[in-house]
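A.B. asks: Attaching a single structure in structure tokens format; questions to follow.
The values are calculated or read from the model by the stated rules, or taken from the named source; none is laboratory data. Bear in mind the structure is a predicted one, so any value in this text is a computation, not a measurement. Here the Cβ positions follow ideal geometry from the backbone for every residue, glycine too, while neighbour counts run over all protein chains shown. To get the accessible areas, we keep the full protein, side chains included, count just its heavy atoms, and leave off ligands, DNA and RNA. Shrake-Rupley method; radii C 1.70, N 1.55, O 1.52, S 1.80 Å.
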Amino acid sequence: TGLPSSSFDLAYCRFLLLYLPDPLACLREMRRLLKPGGLLVVEDGDMSSTGSVPPTAINTFAALYPRLGVARGLNYSVSNDLFHLVRRSGFPY
């Protein structure tokens, strides 16, 4: 980002990581930008688990997202790995 380290009390993103080819790099940058004791809040999704009742086109898209993600080098189910990604980026438990 080019921002100074330890600049923020809070880092927040919502439905961002699943669109990034390297979500771990993003989390590491958020960690770098947080002040000691700062708070990380991340909300993300699993596009393969979307659906509706009664079934609509969204159910069909849910079956296509995993293949599209692989083709684009993205993980559209990143929320399933979010805890481990946050840990790998250096945040404490």
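A.B. asks: Got a number for residues in region 7-51 being within 9 Å of the chain's Cα centre (by Cα), charged (D, E, K, R) and part of a strand (DSSP E or B)?
C.D. replies: The qualifying residues number 2.
A.B. asks: May I pose another question? For S49, work out the one condition from (1) open to solvent by 50 Å² or more (accessible area, probe 1.4 Å); (2) among the small types (G, A, S); (3) in contact (Cβ under 8 Å) with a residue 60 or more places away in the chain it doesn't fulfil.
C.D. replies: Among (1) open to solvent by 50 Å² or more (accessible area, probe 1.4 Å); (2) among the small types (G, A, S); (3) in contact (Cβ under 8 Å) with a residue 60 or more places away in the chain, the lone unmet condition for S49 is (3).
A.B. asks: Considering (1) assigned to a helix (DSSP H, G or I); (2) surrounded by 12 or more Cβ atoms within 10 Å (Cβ to Cβ); (3) among the polar types (S, T, N, Q), say which one N75 fails and leave the rest.
C.D. replies: Every listed condition holds for N75 apart from (1).
A.B. asks: I'm trying to understand the selection: among the residues of region 44-93, which are within 14 Å of L20 (Cα to Cα) and among the hydroxyl-bearing types (S, T, Y)?
C.D. replies: Y76, S77, S79
A.B. asks: Now for a different question. With G45, G69, G38 as the choices, which residue is touching a helix residue (DSSP H, G or I) at 6+ places or on another chain (Cβ under 6 Å) and of a type outside the set (K, R)?
C.D. replies: Result: G45 is the single residue among G45, G69, G38 that is touching a helix residue (DSSP H, G or I) at 6+ places or on another chain (Cβ under 6 Å) and of a type outside the set (K, R).
A.B. asks: Taking interchain pairs and intrachain pairs at least six residues apart, which have beta carbon atoms under 7 angstrom, with the first residue in region 18-35 and farther than 14 Å from T1 by Cα and the second open to solvent by 50 Å² or more (accessible area, probe 1.4 Å) and not hydrophobic (A, V, I, L, M, F, W, C)?
C.D. replies: Qualifying pairs under 7 Å: L18/N75; L24/R88; K35/S6; K35/D9.
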